[in-house]
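The values are calculated or read from the model by the stated rules, or taken from the named source; none is laboratory data. Keep in mind that this is a model prediction, so the values were computed, not measured. Positions of Cβ are generated from backbone atoms using ideal geometry, with glycine treated the same way; all protein chains shown enter the neighbour counts.
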Amino acid sequence: MPRFLEEEGLYVGVRPSVANRNLNKMENRLLHEPDKGRKWFGEDGRLKALPDPLKKNPSRPFMTDEQEPYLETVFRKAVMREFDYRYIDGAIDGTGRYQLDADINSIVFSHHHLFSREHVLATRLTDLYQDYLARKKKNMTEFLIEKVHILPIITLCCQKFLFKLHCFCRHTRTVKDKEEEMDRQLLKNIIHTWKELKSIREFQNYNNTPIKLQVIKEETSKKEDQLHWKQEIEEEVGELQEDFEENYRKELERYKEDLDRYEKQQAAKAQEKKKKKIKEKEMSAADRELLNEEDLLQPVMPETFDVKLTREKVKAKAMAIRRRPGEPKLFPELSNTATITPTNQCPRGEQQRRDDVSKTKVFVKILFNDKEVSRTPSKPLSQDFRVTFGQIYNLKIVQWPESIKFQIFEARALGNDLLADLYAGIPDPSVTSQSVQLEEMDFSTDLKIDKTNEGVGSGVPFTFDVHGTNTMILMTTGILCSSVAWAVDSDGTPLVPPTTSIAPTNYYNAMKMMDPVAAIGASGVVDLDKLAKWFQESRLDPNDPNNADLVFMLGSKSTNVMQSRDFFRLEQLQQEFDLATDEEMAINRRFRLLTLRDNEIPEFKNYKMAPAYERELPRDLFMEYERKQREEERIKETEDIEAHRAAVNRFMQRVREQVMRRFRLAQHQKRLEDVVIEEVVPNIGIVFTRLLHFGEPRRPLRPIRKERKKVTATAVRGEQVKILLNIIRASSIPIRKSAAGCLLYWHQGRAKSLSKVSKSVGSSFDNQEQILLFQPLVRPYIEVMFQRNTVRTSVGDGPNPSFNEELELPLKVTNDDYSSNNLQSMNDIVYINLFDEMVVDMSHDDREKGTVVHQKLEKKWLGSLEIPFSTIYLNTKIDGTFRVNTPPVLLGYVYEDAMKRSDLESVLTKTEHNTYISMFLTIEPQLITPEPVRERFSTNEDEKLLLHAEKWQQELTNKHPKRLYKPSVIDVNGKSVFVTRYFKPLNIPDDIKDLNLTTEGTAERVAHYVSMIPFVSDTVVFPGLCDIWSTCDQFLRMLAGDEEEHAVLLMNYFLHLGKRAYLLIGSAIPEGPTAYVLTEEGSDFWFWNASTGEHFSYHDSNCPVQVVGCIMNQDNVWGNIQSYEKPVQMDFNIANTSAWRPIFSRSYPSPMLGSIQPEMLQYVATDKKHAEDLQERIEQHLKNKIMDWRSRTLTRWNRHCTKIMRKLLPILEESRGQEISQHHLEELEKQFSAYKVSGFPMNMPFVDLEKLVEAVFSTGVHTQESAEEFALAVYIHAYNNSVLSVWIYVASLTK
Amino acid sequence: MGEVHVIGQIVGASGFPDHSLFCKWGIHTGGAWKVLSGLREGQTQVDNPQNHEAAFWSHPIDIHFATKGLQGWPKIHFQVWHQDQYGRNELYGYGFCHLPTSPGIHEMECSTWRPTGTFFQQVSQFFLGGGPQLKNPDLIYSGADRYKLHTIAMGKVHLRLGLILRNFDRFGIEC
């Protein structure tokens, strides 16, 4: 008997195809063999043509026609490959197969414009019935009734929680009542609707819907019901009574107390009155008080419980919500058994309506990433307003899915009506078409369609009855049954894009896949154990050649051999040939240094001259690095403020490293412009304009600065690079008080002399006057300090000197690295100090007076200006007139115009005392500034919005290249974020809120608070990167940021205060491109510099804002398209479209973007004690430093003076460094009268001790040799979130 | 612990049917080798010679290895790609060679090959460009059985490499 292996369920394989003729020949020949060739035939009686899988060793080497997998080649078409992150594989011809299955099942309309009135009612009835069923299923009422019955019993059992249980009981009863009421209402509604339906059917004489309601009555015995009813009412009444009584008891107690008190008082008063009559004079104060006491009200007796009334109430309630006794229980039941009247029996209108319904066709479009990819055939509507498609649409995709949209259309004779847009969610990778379930999506449309014949229309009012009462409007609504899932191919593998790169941001991986060389990596290690286990569990057919490899690998070896091998030798016998061990390699410090340097770790990034021998490496090379590494591992909350600062720093470091890592890739991706420098070929037009320049008249008195060549970092040799300063002039410098007196005198004198001029021409002032006149008002000069190098100008003359001097300062760079990355991260500051040079006569000896001149020069600090190096570097040059930061208290000096005003009161109205310096700063030779990373950042914004913004920006930038327009910025995650998302009212710090100031006062306070958050340029935090805007909570956590962060925070505070505030992006001096806050103050506009806390009016000619680019708030961004860009000349009415171009206008309405700011800012009060500790520490440190700097002479500290200054500093903080009242000044002067004091207070945010020391050093107080004593006081005002305002008052005293 | 410093350049390629070429290169080493600094892989620009019989890239290579053994001596492997007049890229050849084992300047030539594919593929390639590529590019430098792979010889890649070896003599390896 032949066996048929295939029928037995075994795999037999495919026999090689041999011509039947040849096969027959062969069989014939074998049959002629002696034993009839038995061994050549298989069990099925056919020639053996396949290898026997049961044999241990193959009798013939296994030959397959298919190629070895590693030798396989694929034919690739020659195509251009441009990387596009929108594609899953990075390019359109990606190898991956990804498929989405969109299943469109059916649409059911819950309202349609062709609904007849009956349909409307039927739908409503169905809805109500569904509701009823749902409630029934929950059976809440029964449950509650049971509960109400049970509860009193429980109450009896446990007396302990009596009160609580009572409460609970009452609560349950109210809930029960409510539920019962709803049940009854629902039932009523159902029956009512059914009645209406019936009446309509009767009225129109035909049926449109198969709906039928049957109400099943369950008779109940009246007696039993009544008993039940009564019992329940009694129960409730009893409960109420109990409650009442408890209340009553309490009330009664209170009543008794009150009564008692009342009576006592009455008695006492009566007695007093008697007394009064007897002896009015001797009435004691206490007695009088008693008499004057207000009379207590006579207490009212609480009411007793009225059983009757309560019972009536309860009864009435029960009547309203409960089934009456004897009334049958009703159970509605809905069925679809009513017959629909055939169309030919209907009146004409209805016939037409039905006709229209069957003519109406509906179809669905499927849009993938807003492109139509397929659509269903348009199918007619059935009479019950249902369309069944039941089709699955396969979408083979190459792009990342961004949106999947279904559009439901109703086909009409002419054109289609879009009923609704429905967005289907992009399925998770785990959702495949095998596991997905149909989803119901509701849709509705506001399309208005008038009623035709019998239909009710959609979006138009209609009535049920002829009388026209009770109109209602219904919109077309419905439900779409559909699903979207990832497809599964024939092998059962889901066609899902790789999850590792499912986020479109991660296009580096995709890049890697494109480059085969980069993709080379160790293949995944196969876990043999797991494989074997799986093999055993899945019971694969061992005969199947597809599994042959597996069987061979697992089956030929016994299991214990397999288990003993839990490792895999990659390179056999390697060890014998090793020259060194891995450990030796790992501990080699030179190798480590080289690797770290190669990885661009900041500490070693530009380490030059790595030594050739390990022994030559400095011993402590890695100490710093390792310490940092360790520190990063344990960041813990610390108590100390300075430690907190350090923690903040570390946090910032971490953020920075994360950001850097993210951007490094983008940085290393070069574009053509980065590699190839292509000079623009000048066109003919330029040549002509050049030629015209020759004809221009020369203007030697109006020199123009020439453009300089930029030098690359490699071309720069050390010490060549300098900072050039051209100091042109200074104006309104305060003058000495001693000199001021005579100035005043001179003014008066001149007025007098002018009147006398006609009389005595040529006559001069007398001698005394002349001497006074020639005493200099002030002898200012400017000293510039940078990296502890100092240069100075010569001494100018008078309060408005002209210097016109060029100064040079060498630039020292760490590691001699002039690359832009390193330069950007320098946070040195150029200090520009204004001093007054005093000549002090030293000669005490009168005898020598005639022959010897012994004088000493002394300098007095008048003000300073700080410009961060990064600002100079990024702007290449800074040119303009700057306001000098002058101390609020400058003893011994006075402003000239203040003097004049006292003289000529009428002329000047302004009170601001500002000193200005005009200068020009640049770096020589000009260094190349870093190009911002222009890579397009990934974003979560709407593509369309970004495109619109880009267009807006492009358009405006072309017109006004100097102005900055910034619709989107980059957040800390390296994503483009639309800028309006940064604005949102945020709560102001608690301690400022607690002060309860006026709005104006609070605004100033808040500005001061913001300005006390340290300023760090973005380029320092994130070198080599463009501007990164952090959100306010990140900013407050990092406690460092540049203008934008300050401005955004301040603006959000202002919004919270209810001001109309905008963020202004533009250019200002000295910051260059920057952000200010613009607020509307009545008719005036104020510019707030958030990093200094100052504000300027827009018609202030010294307003630092030079160019206004755009302004923005939470709703919109407005670009400046006026012909002027200086604030003074501008129109700030943003509604004026000829002056401001908004991004969101009528043509592109605002999509109402949500904010990325947190809901609320969290403030932590700063520990005052720590602040005081720190204050002391700073003071000690500064004193030590000053003594160090004055190591040649003895430094004495004046305690008295320090005490006065300590008292003064909090007052200054209170007034936020503005002019303090004359009163204080006078007091101060009086107290200092014993000495000649030269000193001033400084205010700055706290960053670290180094910064403070540097600031004190730059003032040069310590250089005053003649000073006998010094005084130094430090005051720290701690705001929330450890924002510290540091005041340092340093002064030198001479007797 | 030997150190190998490779300094040199990929000069160019010659002998290809057309010479607007670029090349992707990489250096593959055994497990005992560690890159201290420098790039292990890269891609040259597309050279578009007008009259020459060769493409020149002059692509710098500067890489510093440390090793604890001789096994897995670095191999440099190439994929030469052709860019046609439409800007489309197609594969022109695979090739690899070991880095020299002696110090000094070495002028090297590396021959390349490419899979031929079926007759139909060849016809398609002749008219439309493109061509068969290895599914698994590891094969370029791994010594598996390749007797079933049909290839055709392409041009040569020229290299000029300078090698500096260090510390090998300490372990009895003369160079």
Near pairs, Cβ below 6 angstrom, 6+ apart or cross-chain, from segment A:44-62 (within 24 Å of A:Lys25 (Cα to Cα)) to any residue that is basic (Lys, Arg) and at pLDDT 80 or above: A:Ala49/A:Arg15
In segment A:1044-1073, the residues that are within 18 Å of A:Arg1005 (Cα to Cα) and crowded, with 24+ Cβ neighbours inside 10 Å: A:Glu1045, A:His1046, A:Ala1047, A:Val1048, A:Leu1049, A:Leu1050, A:Met1051, A:Asn1052, A:Tyr1053, A:Phe1054, A:Ala1061
Pair list, Cβ under 7 Å, 6 or more apart: segment B:50-79 residue within 8 Å of another protein chain (Cβ to nearest Cβ), other residue among the polar types (S, T, N, Q) and in a strand (DSSP E or B): B:His64/B:Ser37
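Search segment A:330-349 for residues being within 60 Å of the chain's Cα centre (by Cα) and not aromatic (Phe, Trp, Tyr), and hand back the single one that is farthest from A:Arg173 (Cα to Cα).
Of segment A:330-349, the ones within 60 Å of the chain's Cα centre (by Cα) are A:330-337.
Right, trim to not aromatic (Phe, Trp, Tyr) and you get A:330, A:332-337.
Working: A:Leu330: 23, A:Pro332: 26, A:Glu333: 29, A:Leu334: 31, A:Ser335: 35, A:Asn336: 38, A:Thr337: 40 Å.
Only one residue fits best here, namely A:Thr337.
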Residues of segment A:367-382 satisfying the condition of being surrounded by fewer than 17 Cβ atoms within 10 Å (Cβ to Cβ) and over 27 Å from A:His119 (Cα atoms): A:Asn369, A:Asp370, A:Lys371, A:Glu372, A:Ser374, A:Arg375
Selection from segment B:106-142 of residues that are more than 24 Å from B:Val6 (Cα to Cα), touching a Phe, Trp or Tyr at 6+ places or on another chain (Cβ under 7 Å) and more than 10 Å from every other protein chain (Cβ to nearest Cβ): B:Trp113
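Being farther than 23 Å from A:Ser1011 by Cβ and either at pLDDT 70 or above or surrounded by 12 or more Cβ atoms within 10 Å (Cβ to Cβ) (or both) is the filter here, so list the residues in segment A:1210-1225 that pass it. Write out each step before concluding.
Just the residues of segment A:1210-1225 that are farther than 23 Å from A:Ser1011 by Cβ, to begin with: A:1222-1223, A:1225.
Hit for segment A:1210-1225 is A:Leu1225, nothing else.
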Selected residue (criterion: farthest from the other protein chains (Cβ to nearest Cβ)) from residues of segment B:8-36 that are in contact with a Lys or Arg (Cβ under 7 Å, 6 or more places away or on another chain) and β-branched (Val, Ile, Thr): B:Val11
B:Trp81 being surrounded by 16 or more Cβ atoms within 10 Å (Cβ to Cβ) and not in a strand (DSSP E or B): no
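Take A:Arg690 and tell me if it is assigned to a helix (DSSP H, G or I), at pLDDT below 80 and over 48 Å from the mean Cα position of the chain (by Cα).
Details: assigned to a helix (DSSP H, G or I): yes; at pLDDT below 80: yes; over 48 Å from the mean Cα position of the chain (by Cα): yes.
In short, yes.
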Residues that are small (Gly, Ala, Ser) and either closer than 28 Å to A:Ser1155 by Cβ or crowded, with 19+ Cβ neighbours inside 10 Å (or both), drawn from segment A:1083-1127: A:Ala1090, A:Ser1091, A:Gly1093, A:Gly1109, A:Gly1119
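Take segment B:143-156 and flag every residue that is within 10 Å of chain A (Cβ to nearest Cβ), in contact with a strand residue (DSSP E or B) (Cβ under 9 Å, 6 or more places away or on another chain) and either among the aliphatic types (A, V, I, L, M) or under 9 Å from A:Leu71 (Cα atoms) (or both).
As a first pass, look at segment B:143-156 and keep what is within 10 Å of chain A (Cβ to nearest Cβ): B:144-151.
From what is left, the residues that are in contact with a strand residue (DSSP E or B) (Cβ under 9 Å, 6 or more places away or on another chain) are B:149-151.
Listed by number, the list holds a single entry, B:Leu149.
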Candidate set from segment A:597-606 (those that are farther than 20 Å from A:Ala586 by Cβ and in a loop (DSSP other than H, G, I, E, B)); member that is nearest to the other protein chains (Cβ to nearest Cβ): A:Glu600
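Of everything in segment A:109-135, what is within 30 Å of A:Ser435 (Cβ to Cβ) and either crowded, with 23+ Cβ neighbours inside 10 Å or touching a Gly at 6+ places or on another chain (Cβ under 6 Å) (or both)? Give them in sequence order. Steps first, please.
Quick first cut of segment A:109-135, residues within 30 Å of A:Ser435 (Cβ to Cβ) only: A:109-110, A:130, A:133-134.
Within segment A:109-135, A:Phe109, A:Ser110 qualify.
Can you find a residue that is on the phi > 0 side of the Ramachandran plot and either in a strand (DSSP E or B) or small (Gly, Ala, Ser) (or both) anywhere in segment A:1088-1106? Give the derivation first.
We begin by selecting, within segment A:1088-1106, every residue on the phi > 0 side of the Ramachandran plot; these are A:1093.
Retained after the next criterion (residues that are either in a strand (DSSP E or B) or small (Gly, Ala, Ser) (or both)): A:1093.
The answer is yes, given that some residue of segment A:1088-1106 is on the phi > 0 side of the Ramachandran plot and either in a strand (DSSP E or B) or small (Gly, Ala, Ser) (or both).
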Residue in segment B:111-119 that is touching a residue at least 24 places away in the same chain (Cβ under 8 Å) and within 30 Å of A:Glu614 (Cβ to Cβ) present: no
Checking B:Phe96 against (1) crowded, with 19+ Cβ neighbours inside 10 Å; (2) over 30 Å from A:Phe591 (Cα atoms); (3) of a type in the set (Phe, Trp, Tyr), the condition it does not meet: (2)
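What do you reckon, is B:Ser142 surrounded by 12 or more Cβ atoms within 10 Å (Cβ to Cβ) and more than 21 Å from B:His77 (Cβ to Cβ)?
Working: surrounded by 12 or more Cβ atoms within 10 Å (Cβ to Cβ): yes; more than 21 Å from B:His77 (Cβ to Cβ): no.
So B:Ser142 fails the test.
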Residue list for segment A:582-596, restricted to those being buried (at least 16 other Cβ atoms within 10 Å of the Cβ), over 9 Å from B:Leu36 (Cβ atoms) and within 7 Å of chain B (Cβ to nearest Cβ): A:Met585, A:Asn588
Residue check, B:Gln45 out of contact with any His (no Cβ under 6 Å at 6 or more places or on another chain), buried (at least 18 other Cβ atoms within 10 Å of the Cβ), over 17 Å from B:Tyr141 (Cβ atoms) and within 14 Å of chain A (Cβ to nearest Cβ): no
Qualifying residue in segment A:1147-1166 (condition: touching a residue at least 60 places away in the same chain (Cβ under 8 Å) and outside any loop (DSSP other than H, G, I, E, B)): no
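Let's see how each residue does on (1) farther than 28 Å from A:Ile867 by Cα; (2) polar (S, T, N, Q); (3) modelled with pLDDT under 80:
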{"site": "A:Tyr982", "(1), (2), (3)": "no, no, no"}
{"site": "A:Asn987", "(1), (2), (3)": "yes, yes, no"}
{"site": "A:Ser1030", "(1), (2), (3)": "no, yes, no"}
{"site": "A:His1046", "(1), (2), (3)": "no, no, no"}
{"site": "A:Tyr1053", "(1), (2), (3)": "no, no, no"}
{"site": "A:Lys1059", "(1), (2), (3)": "yes, no, no"}
Qualifying position, being assigned to a loop (DSSP other than H, G, I, E, B) and within 28 Å of A:Met319 (Cα to Cα), among A:Thr174, A:Thr193, A:Thr209, A:Thr220: A:Thr220
Segment A:1182-1209, subset surrounded by fewer than 14 Cβ atoms within 10 Å (Cβ to Cβ), of a type outside the set (S, T, N, Q) and farther than 20 Å from A:Val1237 by Cα, residue modelled with the highest pLDDT: A:Asp1188
